[in-house]
Protein chains: 2
Amino acid sequence: MNERYFEDLKVGDRFKSSTYKVTQEGIISFAREFDPQSFHLDPAKAKQTIFEGLIASGWHTAAITMRLLVQMLNLAEGPIGLGVVELRWPSPVRPGDSLEVETEIVELRKSRSKPNYGVIRLHNVTKNQRAEIVQTMTAAALALRRKLQA
Amino acid sequence: MNERYFEDLKVGDRFKSSTYKVTQEGIISFAREFDPQSFHLDPAKAKQTIFEGLIASGWHTAAITMRLLVQMLNLAEGPIGLGVVELRWPSPVRPGDSLEVETEIVELRKSRSKPNYGVIRLHNVTKNQRAEIVQTMTAAALALRRKLQA
């Protein structure tokens with residue numbers, strides 16, 4: 001598929017990602033490096049916690065969502081993240097879950113400071129294989145403009 | 001240091017983390033798994049982009065911040081992330097940077113649905129070795145209460 005530019009997007013456009021299979025090894029390895037808490041690290045200890053089993057770090061879910069987003073949007077130069085205005089984890093992610101992301105473009109405007117780029121605002125919902133929402137996020141990013149690249 | 005409980009925190013409390021050294025290998029390895037874009041993956045291609053060199057994924061910065069937060073707060077059972085209301089990356093993180101996090105407790109309340117937990121609201125600022133702000137984040141988390149654990 002050709003790379004997309006800012007001009008290829010319209011407010012209301014919706015995209016659906018491929019799926020990402022979450023493994024116990026992946027959950028533990030991410031947690032060991034970035035979120036060393038027993039409910040992310042140790043299946044036996046996790047059973048004694050409020051989650052009653054191993055769950056992925058919310059930051060792992062966010063990182064997986066980013067991976068699915070990058071592939072799905074396929075923007076020239078990629079989306080350059082500006083920030084996030086809302087990020088929630090309504091349900092936990094567990095070993096064996098398959099995640100996918102649905103995105104809606106909610107705002108598009110030219111960048112005031114960077115004439116080669118436009119600002120896109122996205123609402124992203126990450127769901128598991130039972131269609132339970134594991135993450136919602138509204139984010140802003142820069143996307144390269146086509147016209148000035150000719 | 002003893003683990004902290006909800007009751008050990010006061011609004012206005014401030015904490016400062018240890019430091020985390022960011023390496024080029026770490027940036028590339030995170031990006032390969034979660035944010036495969038040329039400015040995070042390839043030092044030569046990154047020079048041709050708006051960033052003029054390799055930078056870390058914002059989600060990598062967020063994950064490193066979480067690691068520093070978990071160690072610094074040392075909460076019994078750890079902080080259970082509920083969500084983030086604001087997350088920004090004002091300056092990029094580059095290979096060799098040393099990051100540290102400053103946190104302020106901005107709100108504390110009992111959880112309505114989970115009597116064993118309190119809700120804490122934190123404002124976190126992640127800085128590099130030149131005191132440039134690389135991330136700001138306001139987040140909410142659950143912390144275990146001591147009194148009901150006796």
Position B:H123, label points 7 Å along Cα→Cβ, spacing to each other copy in nm (shortest first, one decimal): 2.8
Need one number for the protein assembly as shown: average projected area of the convex hull over its C-alpha atoms, nm². 16.1
Other-copy label distances relative to A:Q24, 7 angstrom Cα-Cβ extension, nm: 3.8
Segment B:Q129-B:D42, extension gain: residue separation times 0.36 nm, minus the distance between their alpha carbons: 29.0 nm
Could you work out the mean count of beta carbons from other protein chains within 10 Å of each residue's beta carbon in B:75-83? 5
Pseudo-spin-label distance B:K21 to A:K16, built 7 Å along Cα→Cβ, given in nm, is 4.8
Total charge of the residues flanking B:R146 in space, meaning their Cβ is under 10 Å from its Cβ, with Lys and Arg +1 and Asp and Glu -1, is 0
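Do any trypsin sites (Lys or Arg not before Pro) in the stretch B:1-53 lie in a loop, going by DSSP, with at most 16 other beta-carbon atoms within 10 Å of their beta carbon, and if so which?
B:K10
Find me the longest stretch of chain B that has none of the exposed GluC sites (Glu not before Pro), where exposed means in a DSSP loop (not H, G, I, E or B) with at most 13 other Cβ atoms within 10 Å.
Within chain B, the longest run free of exposed GluC sites (Glu not before Pro) spans B:53-131.
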Note the distances from B:N2 to each other copy's matching label point, with points 7 Å along the Cα-to-beta-carbon direction, in nm, sorted shortest first. 6.6
Nearest-0.05 FRET efficiency for B:K110 and A:E102 at R0 = 30 Å, using Cβ-Cβ distance, is 0.30
On alpha carbon coordinates alone, what is the Rg over Rh value for the stretch B:87-141, Rh being the Kirkwood radius? 1.15
Once the Cα atoms of chain B are picked out, what are the Rg and Dmax in Å? 17.2, 60
A versus B: buried accessible surface, summed, Å² (probe 1.4 Å, to nearest 100): 3000
Calculated from DSSP H runs of 4 or more alone, at -39500 (n - 2.57) each and per residue, what is the 222 nm mean residue ellipticity of chain A, nearest 500? -7000 deg cm²/dmol
Nearest-ten-degree value, helix A:58-73 long axis tilted from longest Cα axis of chain A: 40
The stretch B:24-97 - Rg over Rh from alpha carbon coordinates, Kirkwood radius: 1.05
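The values are calculated or read from the model by the stated rules, or taken from the named source; none is laboratory data. All values reported here derive from a predicted model rather than from experimental measurement. Cβ atoms come from the backbone with ideal geometry, glycine included; neighbour counts cover every protein chain shown. Side chains are part of the model used for accessible areas, which takes the heavy atoms of the whole protein and leaves out ligands, DNA and RNA. Shrake-Rupley method; radii C 1.70, N 1.55, O 1.52, S 1.80 Å.
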